[in-house]
Amino acid sequence: VNQCTILSLQQLFKYYYCSSSYSFADFKLNPYDVSNFELFNLAVLETNNTTFYSVGGEITRYEKVKLLTRYEPSYKYLNVCNSYSYNCSKKTCVKCMRTILELDALNMLDKYEKVFDISMYKKHKMDYLADMYARKILRHDHYAYEIWDDITRKYHIPFHKKLYSIIHFIYSRVKMYSVNDILIKLKNR
């Protein structure tokens, strides 16, 4: 999607540097997530006027966040939200949830009080953690695995929260996808 925007303005951009979603070590052809093989995608999208480069693939997303926390302007200007021009900070927003949990795992959360609703997160922290647990277990979420050790050293997630999140995750997917789609996704793991 980002590349399409750049292509619509290609007279303004000769080179565009895309932050890789995954490390190059996690490259795979995946019909459900094209960012797993964005190196191929970027090459296909290039034109005579615009060249795309994938950057940051030498490290994981969690390592990128660690580096980002050393950059003071990010305390005021970091924006990761998929839905809004500001960080909604909701656990239903995967990017906000993931980033808040990463910052918490790194003990840097308070530095980002200007860009995230830290009080909402602290009030519902166990729900965020349990949702991450469900994504790790049921979706094999790569990002959840990255921070799992660090975040569980800080917090214990109660069993009832884990169970509720697993049931809620399954229920939400059954509502969202057909049974056939779910079986195909499970088969391709």
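The values are calculated or read from the model by the stated rules, or taken from the named source; none is laboratory data. Only a predicted model underlies this, so the values are computations on that prediction, with no experimental measurement involved. Note: ideal-geometry Cβ built from the backbone for every residue, glycine included; neighbour counts use all protein chains shown. Surface areas here come from the heavy atoms of the whole protein model, side chains and all, with no ligands, DNA or RNA. Shrake-Rupley method; radii C 1.70, N 1.55, O 1.52, S 1.80 Å.
Collect the residues in the stretch 126-141 that are open to solvent by 30 Å² or more (accessible area, probe 1.4 Å) and over 20 Å from Tyr177 (Cβ atoms), keeping them in residue-number order. Once the filter is applied, which keeps residues that are open to solvent by 30 Å² or more (accessible area, probe 1.4 Å) and over 20 Å from Tyr177 (Cβ atoms), the stretch 126-141 yields Met126, Asp127, Tyr133. Of note, Lys162 satisfies the criterion of being touching a Phe, Trp or Tyr at 6+ places or on another chain (Cβ under 9 Å) and either farther than 18 Å from Asn107 by Cβ or of a type in the set (Val, Ile, Thr) (or both). Residue pairs whose Cβ atoms lie under 6 Å apart, separated by 6 or more positions or on different chains, with the first residue in the stretch 165-189 and at negative phi and the second at pLDDT 75 or above, are Ser165/Ala130; Ser165/Asp131; Ser165/Ala134; Ile166/Ala134; Phe169/Ala134; Phe169/Leu138.
Would you confirm whether any residue within the stretch 44-64 is closer than 30 Å to Asp110 by Cα, basic (Lys, Arg) and open to solvent by 60 Å² or more (accessible area, probe 1.4 Å)? No, the stretch 44-64 has no match at all.
If a residue must be assigned to a helix (DSSP H, G or I), surrounded by fewer than 12 Cβ atoms within 10 Å (Cβ to Cβ) and touching a residue at least 40 places away in the same chain (Cβ under 8 Å), how many such residues does the stretch 25-43 contain? Count: 0.
So, Ser119, is that one of a type outside the set (Asp, Glu) and more than 25 Å from Asn79 (Cβ to Cβ) or not? No: the conditions fail for Ser119. Looking across the stretch 65-78, the residues that are surrounded by 14 or more Cβ atoms within 10 Å (Cβ to Cβ) and either of a type outside the set (Lys, Arg) or part of a loop (DSSP other than H, G, I, E, B) (or both) come down to Val65, Leu68, Thr69, Ser74, Tyr75, Leu78.
Residues in the stretch 143-172 that are surrounded by 16 or more Cβ atoms within 10 Å (Cβ to Cβ) and in contact with a Leu (Cβ under 7 Å, 6 or more places away or on another chain): Ile147, Ile151, Ile157, Ile166, Phe169. Within the set Lys123, Lys187, Lys175, the sole residue that is modelled with pLDDT of 95 or more and open to solvent by 90 Å² or more (accessible area, probe 1.4 Å) turns out to be Lys123.
Just one of the listed residues (Lys76, Lys91, Lys66) is basic (Lys, Arg), under 30 Å from His168 (Cα atoms) and out of contact with any Ser or Thr (no Cβ under 9 Å at 6 or more places or on another chain), and it is Lys91. Listed by first and then second residue, the pairs linking a residue in the stretch 140-161 that is on the phi > 0 side of the Ramachandran plot to a residue that is not in a helix (DSSP H, G or I), with Cβ atoms under 8 Å apart and 6 or more places separating them unless they lie on different chains, are His140/Arg189. When each of Ser23, Ser19 is tested for being within 16 Å of the chain's Cα centre (by Cα) and at pLDDT 80 or above, the lone residue that passes is Ser19.
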